[in-house]
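Just so it is clear, none of the values below were taken in a lab; they were calculated from the coordinates. Because the structure is a prediction, the values reported are computed rather than measured. Positions of Cβ are generated from backbone atoms using ideal geometry, with glycine treated the same way; all protein chains shown enter the neighbour counts.
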Amino acid sequence: MFENARWIAREDIKEIKPAPLFRKSFDIKRTVKSAKMHICGLGLALSYVNGKNVSNEVLTTPFTKYDSRVIYNTYDVTDLLKTGKNTVACILGNGCYFVTYWRWDYNKPTWLHHPKLIFQLDIEYTDATREQILSDTSWKTADSAIIYNETKRGEVFDARLYNKDWNLPLFDDSSWDFAFICRSPGGILKERNIPPIRVIKQLKAKYIGNNVYDIGENISGWARIRAVGKRGTEISLRYSEVLHDDGTIAPEQLNTIVGSDTHFDKYIMRGEGEESWAPSFAYHGFRYVEAIGAPEQFELIGEMIHTDFDVIGEFICSDEMLNKIHAASQRATLSNFVGLPTDCPQREQNAWTGDALISAEQTLMNYDVVSSYKKWLYDIKDTQRPSGQICCIAPTSGWGYNWGSGPAWDSAYIYLPYYIYYYTSDISAIEEFWDSMVLYMDFMESMSENNLVCFGLGDWCAPKGVEICPTVITDTAYFYMDNKIMASCAKLLGKDSSFYQRRANEIKAAFRHSFIHKDFYLGNNTCAIACAIYQDLYTDDEKPIAAKYLSDILSIKGYHIDCGILGMKYIFTALSEYGYADTIYKMVVNSEYPSYAYWINNGMTTLCETWDMKFSCNHHMYSEIDMWLYKHIAGIHIEKGAKSITVKPCFLKGLSFAKGRHKNIEVFWDKKQIKINSNLNGKLLVYNKEIAFDAGEHIFSRNQLIE
């Protein structure tokens, strides 16, 4: 692909300038049988044939470490071509390829360069002849009406500069410049094999005063405006997740990292009838929009964007609070998957390994994310140093190796290929990344001493004032589990697993010797105790005792959450597997700070980064609760390799029914019955009974099961 095409650009620039336009006209004199367009526009691209957008995708091209891998898009444009003169056209945004903001060193990556594109159109005619239209110096280029764009900041569009015919065949481009051949980004070109980003839903905004509009949900996306006004009218938009007490927006909560000049858009009106506009190359995390300078005839709509996954999971129950938390978890997950599994859609838009690891299981239960996870695993691989070390964000500009990375974050590289196998039976990720997984394990060994490890981040974002779990406990637990997983993966690949199994045994022994003594509860630290249960560092005899002790601690503390993202990953399973799901339930619906219900009762429609809601209000790192709803409330336990299921619901006292679906597995229970409809064989575990069932539909009376 692209053997004869050339990378082309408008001009060799070193500062943000208007987004460049490109066009190429050509004649077709025969009947077209098929036509495929292949294009990579960096950083982002919108592509047209004869004035029509080739797709309804947004924010293409996918972000990668561009000097390692570059992803191109392929579109079938057969129906867009015609006999006679045709024009292909493109507008390029800066994306993450050309930026100026300094945070995370995005202003100085090795790939940093001006916008550019490579293009190939393969046309096959009905007479069996073929033709190619390629990017070269015959293409014409000019400035667009997008006079400024940076993905993490915003976009400015001057409609007075816009010519609606710029991408049509009859447009006169004689005054435009010719493109020039430029350096490639350096990475290997690969065709996109992940779902695109699209506008998924529109939310009509409500005006609430102070020039502020409320779309009702915290989302990733942008505001689309419709307005009638005078030429030159400037409509300035600023975005915010929350409001001040006086009803004004609080953008400073989003500006703590990137800087004060972020999350804004501006539209300068043309002054010709109704005008409709939304940004093309920037997106925001927001619920509220302040519109300054809007004319009297003005409407604002929130457009939510994210990767367009197939939905494979559903959950509902009789407790409306749990349903709202489920919806908030889903919304946080989706608004943090705009091409990558980011931490937040407003302040950072970075794909942190730790956040994605903590959230992966519930994401796999809810959405078909396998191809997107595999793409991101390649992003992680591209960060790997010869020593095996990986970065805490991927892709990375070079920042994040010596802060943020560590076992609790890095283990995403070991867990994710295994999770993909566990929940889908697909071992391809293990096969593709095995060698670099081994290399990472070698790096972790180099960081160990006496079979313990302690580097990087630990139980992140615990409530203020609580005792933080020592990082050496959670790090060593991941060191142990990584070796266990590597042993399992080796067996799946037909390799010798003995080394990793031996190392796992040695690490477990060292952990127990160092931290589990006569009082094997690890003190009163809920994260530490839950970690040792969840990560299999207690014996089978010790686990139920430790779970009871953990439940008692939470009872004494008034069912208040007192751990961070790692503890909240472990605690749902650590308690529910041993009969204490009611403790979790009381903790979740506790109306007092800190709790999930506290978030919902204070107006949150997504999960937050901190329990006090003072930073990002759209994070997915506390979303293990959604896995709990599927696995322990609905009772759907997917067995290793997705070969069978175990149905083991927790009948909470506060619930009268629960229903969960994952792919072709559906479980419903109420006070009278348990209904299972599954394409897999499995077993039902309730009331200390085990009942095997075949694939198909089964209804069990709860009264008969109790007898």
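Structural remarks
- In order along the stretch 592-607, phi translates into HN-Hα couplings of 8, 5, x, 6, 5, 4, 4, 4, 4, 5, 9, x, 6, 10, 9, 6 Hz, rounded to whole numbers, per the Karplus curve 6.51 cos²θ - 1.76 cosθ + 1.60 with θ = phi - 60° and x for Gly and Pro.
- Axis of helix 471-492 versus longest Cα principal axis of the chain: the two differ by about 80°, to the nearest ten degrees.
- Qualifying trypsin sites (Lys or Arg not before Pro) for the stretch 266-345 [loop in DSSP, other Cβ within 10 Å: at most 14]: none
- Taking the charge dipole of the chain about its Cα centre, with +1 at Lys and Arg Cβ atoms and -1 at Asp and Glu Cβ atoms, the residue from F157, G523, S591 reaching farthest to the positive side is F157.
- The value given for the chain is a Kirkwood hydrodynamic radius of 27.2 Å, derived from the mean inverse Cα-Cα separation.
- Full extension of the chain between S371 and R183 yields a length gain of 64.7 nm, computed as 0.36 nm times the residue separation minus the alpha carbon distance.
- Residues with amide H under 5 Å from that of L607, placed H, sequence gap 5 or more: A332, H619
- Cα gyration tensor, the stretch 313-634 - rounded (a/c under 1.5), prolate or oblate: oblate
- Label separation (T83 vs H513): 8.5 nm, computed from points 7 Å beyond Cα along the C-beta direction.
- All Cα pairs of the stretch 283-413, percent lying beyond 18 Å: 61 percent
- Amide H within-cut-off set for K85, under 5 Å, with H built and near neighbours excluded: I28
- Sequentially through the stretch 348-365, phi angles give Karplus couplings (6.51, -1.76, 1.60; θ = phi - 60°) of 10, 6, 9, 8, 6, 5, x, 4, 5, 4, 4, 9, 5, 5, 5, 5, 5, 6 Hz, Gly and Pro residues having no value and appearing as x.
- Dipole magnitude of the chain about its Cα centre (Cβ charges: Lys, Arg +1; Asp, Glu -1), debye to nearest 20: 900 debye
- The distance between label points at Y593 and L161 comes to 4.6 nm (points 7 Å beyond Cα on the Cα→Cβ vector).
- Size of charge dipole - the stretch 361-515 - debye, nearest 20, with Cβ of Lys, Arg +1 and Asp, Glu -1, no other charges: 200 debye
- Each stretch of four or more DSSP H residues adds -39500 (n - 2.57); spread over every residue of the chain, this sum gives -8000 deg cm²/dmol at 222 nm.
- For the chain, the longest principal axis of the C-alpha atoms and the axis of helix 542-556 are separated by about 80°.
- Between D694 and D435, the FRET efficiency estimated from the beta carbon spacing at R0 = 51 angstrom works out to 0.80.
- Near D435: Cβ cut-off under 13 Å, other residues only, Lys/Arg at +1 and Asp/Glu at -1. The net charge is -1.
- The C-alpha atoms of the chain define a longest principal axis, and helix 565-576 lies at about 40 degrees to it.
- Annotation: amide H of K201 within the under-5 Å range of M304, sequence separation 5 or more or interchain, hydrogens built in the peptide plane.
- Anisotropy class of the stretch 187-280 from Cα gyration tensor, a/c 1.5 cut: oblate
- Between D612 and D76, full extension at 0.36 nm per residue minus the direct alpha carbon distance yields a gain of 188.1 nm.
- When the chain is described by a simple charge dipole with +1 on each Lys and Arg Cβ and -1 on each Asp and Glu Cβ, the residue from P345, H306, L652 located farthest towards its positive end is H306.
- With the simple spin-label model, which puts each label point 7 Å out from Cα in the Cβ direction, the K201 to V228 separation comes to 3.1 nm.
- Percent of beta bridges antiparallel (DSSP, the chain, rounded to nearest 5): 90 percent
- Summed side-chain charge close to F511 - residues other than F511 whose Cβ falls under 12 Å, Lys, Arg +1, Asp, Glu -1: -1
- Magnitude of the charge dipole for the stretch 313-634, about its Cα centre and with charges confined to Cβ atoms of Lys, Arg (+1) and Asp, Glu (-1), is about 100 debye.
- Tensor-based shape of the stretch 350-500 (alpha-carbon gyration tensor, a/c under 1.5 rounded, otherwise prolate or oblate): rounded
- For the stretch 507-512, the Karplus equation 6.51 cos²θ - 1.76 cosθ + 1.60, evaluated at θ = phi - 60°, returns couplings of 5, 4, 4, 5, 4, 5 Hz by residue, with Gly and Pro reported as x.
- Label point at K491 placed 7 Å out along Cα→Cβ; residues across the stretch 406-436 whose backbone nitrogen lies under 19 Å: 414-431, 434
- Per-pair calculated FRET efficiency, R0 = 22 Å: N677 and R702 via Cβ, rounded to 0.05: 0.80
- Near S701: Cβ cut-off under 15 Å, other residues only, Lys/Arg at +1 and Asp/Glu at -1. The net charge is +2.
- Between Y687 and F499, residue separation times 0.36 nm minus the direct Cα-Cα distance comes to 63.7 nm.
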